[in-house]
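The structure appears below as C-alpha cells.
Here, each number is a calculation from the coordinates, and none is a lab measurement. Only a predicted model underlies this, so the values are computations on that prediction, with no experimental measurement involved. All Cβ positions, glycine included, derive from the backbone under ideal geometry; neighbour counts span all protein chains shown.
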Amino acid sequence: MSLFPAAQNAGAVGSGYTVVERVGVGSGEWDTLVQGAPGGGHLLQSHAWGEMKRNAGWRPLRLALVRGGGGGGGAGEVAGAGQFLLRPTWPVPGYLMYCPKGPWLEWDDEGAARAFLRGAAEAAARLGAHTLKIEPEVREGRGGQKALLEELGFRKFRWDLNGKATMVVDLSRPEEDLLAGMKGKTRYNVRLSARKGVRVAEDGSPAAEEAFWRMYEETSERNGFVIRRPRDYFFTAWRTMREAGRAHLFFAEHEGEKLAGMYIFTFGKKYWYMYGASTNNKRNLMPTSLLQWEVMRWAKDRGITYYDMMGIPELDKLNEDHPWYNVYKFKVGFGGEAVEFAGCYDLPIKRVRANLWNKIEPAYYRVYNKLKGDIYY
C-alpha cells in the first residue's frame with residue numbers, strides 16, 4: 001500500500017496559467033521540459049535524480065506550469081517546471097514537500113510565479129504535506145522575488161540545503177579567452193602540469209569508482225571535512241546518473257598513477273563539479289589544475305556553456321578564516337563569477353504541524369545522521 005494519496009492533476013490557478021502534475025512522464029520528456037524551462041533547469045530536477053531519491057525514501061512529484069490551453073492543462077505553452085520530493089516526517093504527521101534547486105520559472109513574471117507557487121501549495125495540501133520547501137536559483141537581491149515569497153507566506157529556512165554560493169564559469173567563450181581570464185598562478189599551474197606529463201582521461205569503470213572513493217576518503221582525512229553520507233549512497237547516485245548518461249568520472253594521471261579525480265554531472269548545457277579528490281602523491285605536479293581545465297575543454301566540445309563549480313563561502317562570510325577559503329581561492333582562479341542565490345524557503349501548509357516540524361527538525365536531523373550515518377535530505 002502506498003504511503004501517499006492517489007495523485008490528481010492540479011486545476012486552473014488563474015492569470016492564464018494552469019499547474020499540472022505530469023503523471024507517469026518518462027525521463028526524456030521530463031528532462032526536455034525542465035531544460036526548456038526559463039533558466040535551463042538543474043541536475044537535481046532531472047528525472048534520474050528524482051528516481052534515485054525515490055529509492056532513498058522520497059516520492060517525486062513533477063509539476064508543470066502551462067500558459068493557456070484552458071483548465072485541463074493538456075495544451076498550451078509550458079512556462080515552468082518543478083520536481084518536488086515528498087517524505088513522511090514521523091513523529092510529525094504528514095509530509096515534507098521539497099523542491100531541490102527549483103522550481104524553474106520566469107521569476108520576473110510575477111503572474112507566473114504566483115500561479116506556480118499557488119498550484120504547488122494546492123498540490124501539497126491535497127497530498128497531506130504540512131510544509132512546502134523550495135530552493136530556487138534566484139540570485140540574492142534580484143528584483144522583488146524575496147518580497148513576493150514573503151508576501152505569499154514563505155519564510156527563510158534556517159539553513160540552505162545545497163548551499164547558497166557558488167562559482168560559475170561561462171564556457172561559451174573561446175578557449176584562449178578562458179585561459180586569459182584565469183588568475184596568473186592558475187594558468188601557470190595548468191601549463192606546468194601538462195608540461196610535466198600529467199594527462200587527463202575519463203574512466204567510469206567500477207574499478208575507477210573504487211579508486212575514486214579511496215581518494216575521496218584520503219582527501220577527507222587530509223583536509224578535515226566529514227563525509228556525511230554512507231558509501232552506498234554515493235555509489236548509488238554515481239551509477240544511477242551514469243546510466244542516465246549524466247555522470248562522468250575523470251582522473252589526472254602521471255606515469256599510470258591516478259593523482260586526482262573529479263565526478264561531474266551534466267544536464268542540458270550545464271555541468272556541475274559534484275565531487276573532487278586527490279592523493280598526497282606528486283602534488284607538486286598540480287594535477288587538480290590541469291584536471292579542471294581539461295574537463296572544461298571536454299564540456300565545451302559537447303556544447304556545454306555553463307559550469308557550476310559549487311561550494312564556496314557565502315559572500316558576506318568570505319574571509320581567510322573561513323574553513324572553505326582555500327577552496328574558494330582554488331575555484332576563483334579559473335576566472336568564474338561568484339554567485340549567491342536566495343536559498344531555501346518554507347511555506348507552512350498546515351501551520352501547527354509545520355511549526356512543530358520546524359521546531360524539532362534540528363534535533364531530528366542530528367539523530368537521523370547519528371543513527372543512519374546519512375543526511376535526512
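Over the chain, dividing the summed -39,500 (n - 2.57) contributions of all DSSP H runs of at least 4 residues by the number of residues returns a 222 nm mean residue ellipticity of -11500 deg cm²/dmol. For region 165-339, the gyration tensor built on C-alpha atoms gives a rounded shape. Its axis ratio a/c (a ≥ b ≥ c) stays under 1.5. Beta bridges from DSSP with both residues in the chain: antiparallel share about 90 percent, rounded to the nearest 5. Relative to the globular-protein estimate of 2.2 N^0.38 Å, the Cα radius of gyration of region 239-363 stands at 1.36.
The trypsin sites (Lys or Arg not before Pro) of region 200-261 that DSSP puts in a loop, and whose beta carbon has at most 15 other beta carbons within 10 Å, are ARG228.
Volume of the convex hull of region 231-312 (Cα atoms only), normalised per residue: 117 Å³. Taking only the alpha carbons of the chain, we obtain Rg and Dmax values of 21.5, 64 Å in that order. Work out the FRET efficiency for VAL339 and GLU122 from their Cβ-Cβ distance, taking R0 = 35 Å, and round it to the nearest 0.05. Here the calculated transfer efficiency is 0.65. Taking a spot 7 Å from the Cα of ASP170 along the direction of its beta carbon, which residues of region 338-355 have an amide N less than 20 Å from it? Those under the cut-off are 338-341. Give me the distance between the Cα centres of region 341-377 and region 279-306, rounded to whole Å. First find each Cα centre; the distance between them is then 37 Å. Cross-link partners for LYS359 among the aspartates and glutamates, with Cα-Cα distance under 18 Å and sequence neighbours closer than 8 places in the same chain left out: ASP160, ASP346.
Quick check for you: which residues of region 327-347 have the amide N under 15 Å from the point 7 Å beyond the Cα of LYS183 toward its beta carbon? Label zone hits: 327-338.
Classify region 185-238 as rounded, prolate or oblate, taking a ≥ b ≥ c as the square roots of the eigenvalues of its Cα gyration tensor: rounded when a/c is under 1.5, otherwise prolate if a/b is larger than b/c and oblate if not. Cα axes put region 185-238 in the oblate bin.
For the pair GLU217 and TYR365 in one chain, pulling the backbone fully straight at 0.36 nm per residue adds 51.0 nm over the alpha carbon distance. The trypsin sites (Lys or Arg not before Pro) found in region 89-146 that occupy coil by DSSP, while having at most 15 further C-beta atoms within 10 Å, are ARG142. Shape of region 271-338 from its Cα gyration tensor (a ≥ b ≥ c, root eigenvalues): rounded if a/c is under 1.5, otherwise prolate when a/b > b/c, or oblate? It is oblate, given that a/c is not under 1.5 and a/b is not larger than b/c. Stretching the chain fully between VAL226 and ASP316 yields a gain of 30.0 nm (0.36 nm per residue, less the alpha carbon separation). Loop-located GluC sites (Glu not before Pro) across region 253-318 with a Cβ neighbour count of 13 or fewer within 10 Å are GLU255, with loop assigned by DSSP.
Net charge dipole, region 165-339: roughly 240 debye, given to the nearest 20, about the Cα centre with Cβ charges of +1 for Lys and Arg and -1 for Asp and Glu.
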